[in-house]
Amino acid sequence: MDLQERLQSLASLGLIKAEKKARPQKDSSLVDYLNGEVVCNSAGEYMQLQKTYGVSYRQGNVCLSDLTGVEGKTVCFLSATQNLQRFEVKKTIFLDTETTGLAGGSGTYPFLVGIGYFETDNFVLRQYFMRDYGEERALLHDLSEHLENYPYIVTYNGKGYDLPILKTRYILNRIKSSLEFDGHLDLLFSARRIWKQRVKDCSLSNLENRILGVEREFDIPSYLIPQAYFEFLRSGEKEKIKLIVEHNANDIVSMAALLAHLCQLLEDPNKLEEIYPEDLFSLGKSYYYAQQFDRACWCLEKASDKSKNEELFLQSQLYLGRLFKRMAEWLKAEKVWLRVLQDYSRFSLEPYLELAKFYEHRARDYSRALALVEKAIDNLSASINKQVNYGLEQSLNYRKQRLLRKLGRRA
């Protein structure tokens, strides 16, 4: 028995590993099917796709060219940070990834990375796709080179998902990344601040439908994307890969459109007249915490006047009262608190307490302050939840005794 026969015999018994089968050739028809091209560099090769959207392209009811005049201070307000003061849309990259898992971690691969950017007046979409795991280094190499040109980035949940995954892959591949930016706007947080009160579900696909008016006809759900990619690796099935590429492209274009829409709302007061009272209330809160009190006041008053929801009316009025109190506009604050007592059908402690403080310490009208405190105590005593209200009642009774002493001294 010669050596070859002995090796075959041992392999059949499972005592040695059989010779590895040659890896099947990559399906060249995929490049034509997706209308892409194979790109080669020093690290290998991968597939790249590119599409250009003209200056008049609209994503739903928003034109992408509306982004070109965006001011840095508007983007700073959206991001709630000051590191985007010099924001310029032509120095900004829009990024989204499709990955082999939704949980993240070191075993998750970003097999498709899409970026969008403005070139002259056009919006360019470029997608980096790896046809198998061996193309990752080449993909990351070219992606890093391109990102070096952009100091600002816009993502949707990129702070918690896309960028951490990409950073991990760069580290594991021992490639220096260009993922440190001067400013990062994660639109997920901006969207939640403004639309969560009304829309509830702030996923990008839902906002695309509810805010931009876009209905995707043939879209693959995000949770099926990893499975579809694994099927492609096993069988070469191309149809679902095309759906993933289109899904990624829509996400990036919608990100740009949402940013344009948000900036229009903030920069054009006429646009604010058209929006829902829930959105006005959320904007008013955001302006309040950003200490832009004039804008906060306008939004909260509009939300209160337009709303048919009693709870939204209450919250708008309470924020208005806090705003005027913070600005020491005491007569305006008094008017707001009195309006709540008059127009809100249920009990709310805050206006009673604030009016009592105002009449005691500012107006020196102890009788009115005492009447409000007694009414608040009666309402709390009638409440079912005694344990929660016990501390509040104690505080109000202490205030009541103090007011009685002051009235006694005055008498």
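At a glance:
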{"item": "Qualifying positions in the stretch 50-93 - under 30 Å from VAL31 (Cβ atoms) and either touching an Asp or Glu at 6+ places or on another chain (Cβ under 9 Å) or among the acidic types (Asp, Glu) (or both)", "result": "GLN50, THR52, GLY54, VAL55, GLN59"}
{"item": "Unmet criterion (only one of (1) in a helix (DSSP H, G or I); (2) within 16 Å of PHE111 (Cβ to Cβ); (3) within 22 Å of the chain's Cα centre (by Cα); (4) among the β-branched types (Val, Ile, Thr)) for ILE220", "result": "(1)"}
{"item": "Number of positions in the stretch 52-109 that are part of a helix (DSSP H, G or I), among the hydroxyl-bearing types (Ser, Thr, Tyr) and either surrounded by fewer than 18 Cβ atoms within 10 Å (Cβ to Cβ) or touching a helix residue (DSSP H, G or I) at 6+ places or on another chain (Cβ under 6 Å) (or both)", "result": "2"}
{"item": "Qualifying residue in the stretch 294-305 (condition: assigned to a helix (DSSP H, G or I), among the polar types (S, T, N, Q) and farther than 30 Å from GLN401 by Cβ)", "result": "yes"}
{"item": "Filter pass, ARG234 being at pLDDT below 90 and in the same structural domain as ASN157 (by TED's automatic domain parsing)", "result": "no"}
{"item": "Flag if LEU314 is over 26 Å from the mean Cα position of the chain (by Cα) and part of a helix (DSSP H, G or I)", "result": "yes"}
{"item": "Residue check, GLY114 of a type in the set (Gly, Ala, Ser) and at pLDDT 95 or above", "result": "yes"}
{"item": "The one condition in (1) touching a helix residue (DSSP H, G or I) at 6+ places or on another chain (Cβ under 6 Å); (2) farther than 23 Å from LYS91 by Cβ that ARG137 fails to fulfil", "result": "(1)"}
{"item": "The stretch 137-150 residues that are over 11 Å from LYS176 (Cβ atoms), paired with ones that are assigned to a helix (DSSP H, G or I) (beta carbon under 7 Å, 6 or more apart)", "result": "TYR150/LYS91"}
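The values are calculated or read from the model by the stated rules, or taken from the named source; none is laboratory data. Quick caveat: nothing in here was measured; it's all calculated off a predicted structure. Cβ: placed from backbone, ideal geometry, glycine included. Neighbour counts: every protein chain shown.
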